[in-house]
Amino acid sequence: YGHLDVVKILIDNDANINAASKEGFTPFCVACQNGHYEVVKILIENNVDINAAGKGGSTPFFDNNINVNAPINGGFTPFYGACINGHYEVVKLLIDNNANINATINKGFTPFYSACQNGYYEVVKLLIDNNVNINLTNDDGVTPFYIACHNGHYEVVKLLIKNNAKINVANNEGFTPFFYACQSGHYEVVKLLIDNNADINGARNDGITPLYIACQNGHYEVIKLLIVNNASINAAKNNEVTPFFVACQNGQYAVVKLLIDNNANINAARNDGITPLYVACENGHYEVVKLLIDNNADVNAARNDGITPLYFACKKGHYEVVKLLIKNNAKINVANNDGIKPFFGACQNGHYEMVKLLIDNKANINAASNEGFTPLYDACVNGHYEVVKLLMDNNANINAAKNNGVTPFYVACQNGLYDLVKLLIGNNADLNAARNDGITPFYVASQNGHHEVVKLLIDNNVDVNAARNDGITPLYIASQCGHHEVVKLLIENNAEINAENDEGFTPLLGACINGHYEMAKLLIDNGADVNAAKNNGVTPFYVACQNGHYQLVKLLIDNNADVNAARNDGITPFHVASRNGHRDVVKLLKECKANRNVARQKVSCLLQ
């Protein structure tokens, strides 16, 4: 705080003037950092260690509550603290007392670097006059000149140039002082550097040039200055992105126009085929798109995978851009490599007005992708009711299936979209159309527990027992998944309660596998066969014991399950419960006089 009288008293009472805080700051360091000239002077007169950074420990002389704003790095000296905060008189005093002006802290930062960084002209000049190393770099290869340009300190930059700062030296990543001045839009600094032979086209390691970075950030006057001084307009970064491309991507109309007026390559594409027009369309930059089209940009130039500017404009919902592209002969029905057309993108994302516009311009409503899905399918997947209705009003094929047999109606049922399912039923969707593996819309609605959709389908006479190709029924899958209300509804509508699949699985077995007690009880109460076994002899009771579902085991016993029913290889419920360590189940089986013998080789169990 600079209380000189207090400092004098402490010194007179033998205070340790070089003691440091736990963070490593000494009283001298803090006084320098905060510019307390008189305190600094008296400490020097009392033989303080000028260059000490401190190692830890605190004394009454040092106030641990001082708010230190600078970062605490190893090697932080009093001189560094004075320079970073621009305390000219303190800096001068320290220099006069042999401070090490080139001492570095962590990562190679010097007092001179910090003074340049913060634009302290007088401090910078003082250090130069005292033979500071002007071109010393930090660990990242950054020089004081570099940081002064980056922060736009014109007078400091001018002073450094006058004192032979290296103008074109690059850091470890290839950034030059000129590059960063352009990035930050410091026009006067950029002009000064050009006047002093800065490398205008010096690129970073990844190929990005000063012009590119200025275009990316929209620094119009800097860009204009660079072009006048012969910057390479079409120089691309490593992935072939040009300054013009990035200006279009960011929607910088004035910059785009300036580059066009200076012969930028309008159709120069990235390695993946994406053009400036494509990214302008993707991001909805209408005025830029119009400017590009007016200057003969190829509206149908596609990416390497066949996706056109129109596709992404449709997908993103940029209505006016799409309208402009169509007006300028963009191909509406051209497909990408996967057979997907712009109309798909509009339907998939529910852009109603866009869909209407494309239909009015003769988009192929029933076009299918390579996998067989249609725009109607895409709209149904995402539940876009109004778009689906519009498509059907325009004669979309409601039952067109993907290559695997999945229809728009199937995915609507799968996702539980009640209103959409109802709409499709009202337009004659095939309720029983199955996938190639036999799974029906009703099956998948039951599997996912969509009670209202299941009820709606039943009310419309769907086949409740339609099984997959392997014999698994809707009742089985609903039981296995624990959808109690759906199972109840299926039973009430005559679902076959003991239907077996090809391996002999029954709905009760499915419920027991996953320990669904209430489900098993519901099935048993409605006539499920508790002893129906799989082809390998496994019963519902066996799997309940195997998985340690105690309450379920008890329920099955109470309903006359055969406690000794063994698998075809002779393993009994008692054996599998013992092997899996289900003590409570084993105890229950003992109480029921279950057979402890196994018809295969003897296996030790926990309770033997």
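Please list 477-483, 169-175 highest first by mean number of surrounding beta-carbon atoms within 10 Å per residue.
The most tightly packed comes first, giving 477-483, 169-175.
Which entries in Lys237/Lys341; Lys362/Lys402; Lys327/Lys422; Lys331/Lys402 show an alpha-carbon gap greater than 28 Å?
Those over the limit are Lys237/Lys341; Lys327/Lys422.
Any idea what Rg and Dmax come out to for the chain if you just take the C-alpha atoms, in Å?
So, for the chain, Rg and Dmax equal 39.5, 103 Å respectively.
Could you compute the net charge surrounding Ile274? Neighbours are other residues with a C-beta less than 11 Å from the C-beta of Ile274; K and R count +1, D and E count -1.
Spelling it out: positives minus negatives among the neighbours equals -2.
Based on other C-beta atoms within 10 Å, arrange Ile223, Ile134, Ile472 from fewest to most.
The most exposed by this proxy come first: Ile134, Ile472, Ile223.
Sort Ser232, Ser446 so that the residue with the fewest other Cβ atoms within 10 Å of its own Cβ comes first and the one with the most comes last.
On the way: Ser232 17, Ser446 30.
Ascending number of Cβ neighbours within 10 Å: Ser232, Ser446.
Compute the signed sum of charges (Lys and Arg +1, Asp and Glu -1) over the other residues within less than 12 Å, Cβ to Cβ, of Glu386.
Cβ neighbours under 12 Å give a net charge of -1.
In what order do Met392, Met519 fall by count of nearby beta-carbon atoms within 10 Å, going from fewest to most?
Details: Met392 21, Met519 25.
Going from least to most buried by this count: Met392, Met519.
For region 278-292, in order, what is each residue's ³J(HN,Hα) by Karplus, 6.51 cos²θ - 1.76 cosθ + 1.60 with θ = phi - 60°, in whole Hz (x at glycine and Pro)?
Those phi angles translate into 4, 5, 5, 5, 4, 9, x, 8, 4, 4, 5, 4, 4, 4, 5 Hz.
Between the alpha-carbon centers of region 382-407 and region 173-218, tell me the distance in whole angstrom.
54
What percentages, rounded to whole numbers, describe P(r) for region 217-292 computed over all alpha carbon pairs with 10 Å bin width beginning at zero?
Taking all Cα pairs of region 217-292, the binned fractions are 21, 56, 22, 1 percent.
We did not get these values from a lab; they are worked out from the coordinates using the rules stated. All values derive from a computational prediction rather than experimental measurement. Backbone-built Cβ (ideal geometry, glycine too); neighbour counts: all protein chains shown.
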